Amino acid sequence: MSQHTSVPRASGKNGKNGGGASSGRVRRGGADILLAASLWGTTGTVRTFADGSTAFSIAAIRIVIGGLMLLGFAAASRRGAGLRRLFRDRRNWPLVGAGAVTIAVYQAAFFVAAGRTGVAVATVVTIGSAPAFTGVIGLATRRSAPTGRWLLATGGAVAGCALLVGGGRDAGAEPAGIALALLSGLSYAVYATVASALITRGEEDRAVAGSLFGTAAVPLVPVLFAEPTGWLTTGQGALIALYLGVITTGGGYLLFARGLRTTPATTATTLTLAEPAVAAVLGMVLLDERLGTVALGGLALLAASLVVLVLPVRRRNEGEPIQAGNKLV
């Protein structure tokens, strides 16, 4: 991963034109990621309406449908030139394999965790822990140098998760579910790092999303047939499967991949803190999940951490805004 895809550079007269355009691209990238996170925030709640489904069948159908959509989209884009280029470079093969495995683990672990500990808690722990895991991965691979802004935002996210878990007994929080949510967060962090590495290496974002999810779909096909699939034959079940596969997976991860063009992976995973906010609201409104005062305080801290990260900062001696966190990757 590299910084220069996300740090605005001044150009033109007094550096204003180029800097403004670059800053606009960074903001659009962040907006894409926030929209993707909002779509993902609906998955846990929607899953509860799929009567007769299991966590593994939901994860499998979501990735199979979404993977086929993303792969088809990449194949149709410039007649598959991006896909051919990606797979011609053998250096990409291990990354695609690792990304595909972590996608499968992330999905399965999340839906099992949501069943054990509640949608709100599972989503907050998964997404709240992912930025910290991404930062550790970046340090371990010597690809990142965390800034004070990112450390503050991530520290707030971790503290918010701790408060939510500690005060979330009314929502059914329990240790095994939390452990699975942490595994999901780690897997998601690896996926985001892999996708960012491929995109900043010069690969097309559509080709990256299509290759990762298309590959992840292959081992999940037998899992799908090994699980109860009767719920898919009902009208409601079919609509839920299409929504999870086409909208939240296909559409969501296309937006996320596009956002990674100008947003570092570490910043992107922190921006996805919008997901637990959506999930928590839906969990309380539609599923009657109850969060105590301490847990609600944790959610508020998560929201404040997100604001800290996305607020632009200004260069000293220049009027040009830059996106917080650009030094991360």
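Give the residue list of trypsin sites (Lys or Arg not before Pro) in region 22-104 that are DSSP loop and have at most 11 other beta-carbon atoms within 10 angstrom.
Working: sites: 25, 27, 28, 47, 62, 78, 79, 84, 85, 88, 90, 91; in loops: 90, 91.
Sparse-neighbourhood loop trypsin sites (Lys or Arg not before Pro): 90, 91.
Between residue 139 and residue 35, the simple label model (points 7 Å from Cα in the Cβ direction) yields a spacing of 3.5 nm.
Packing order of peptides 286-296, 128-138, 261-271, highest average first: 261-271, 128-138, 286-296 (average count of other Cβ atoms within 10 Å over each peptide's residues). Peptides 272-282, 245-255 ranked from most to least packed, by the mean per-residue count of other Cβ atoms within 10 Å: 272-282, 245-255. A straight chain from residue 247 to residue 54 at 0.36 nm per residue would run longer than the Cα-Cα distance by 67.5 nm. Annotation: extensible slack from residue 218 through residue 73 equals 50.5 nm (criterion: 0.36 nm per residue apart, minus Cα-Cα distance).
Where a number appears in this text, it was derived from the coordinates with a stated rule and is not lab data. What you are looking at is a predicted structure, and each value in this text was computed from that prediction instead of being measured. Cβ coordinates were reconstructed from backbone atoms using ideal geometry, including for glycine residues, and neighbour counts include every protein chain displayed.
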